[in-house]
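The values are calculated or read from the model by the stated rules, or taken from the named source; none is laboratory data. These numbers come from a predicted model, not from an experiment. Neighbour counts run over all protein chains shown; Cβ positions are idealised from the backbone, glycine included.
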Amino acid sequence: MTGAEIERVQTYLRRLLGSDKLTIIPPMKAGFPIEVAVEGETIGTVDKDTDEGEISYAVTLTILDEDLPPLPKAAAKAPTRRS
């Protein structure tokens, strides 16, 4: 993605999600992913796709289990259902 494309996607995502804390970080080297960060913490990547002349951008968010709040005690003890 070009610098102009990164800026456009960043502006769109900031407006859509209502946060100026979101930043799209260009890769340090060619072939590395374009990262999406919030307050400096990487939360995912952006990929560009061109198909039959149409351009789209896909945002993939990665959520690590260790970053999630703990489960409520009742949910942690609840038995799992099998189909």
*Could you count how many residues in the range 20-49 are assigned to a loop (DSSP other than H, G, I, E, B), small (Gly, Ala, Ser) and farther than 15 Å from residue 2 by Cα?*
1
*Please work out which residue is nearest to residue 2 (Cα to Cα), limiting yourself to the range 53-64 and to residues that are at pLDDT 95 or above and β-branched (Val, Ile, Thr).*
55
*asked:* What's the number of the only condition in (1) out of contact with any strand residue (DSSP E or B) (no Cβ under 6 Å at 6 or more places or on another chain); (2) surrounded by fewer than 10 Cβ atoms within 10 Å (Cβ to Cβ); (3) part of a strand (DSSP E or B) that residue 56 fails to meet?
replied: (1)
_Scan of the range 5-52 for residues that are small (Gly, Ala, Ser), modelled with pLDDT of 95 or more and more than 12 Å from the chain's Cα centre (by Cα), ordered by number_ = 18, 19
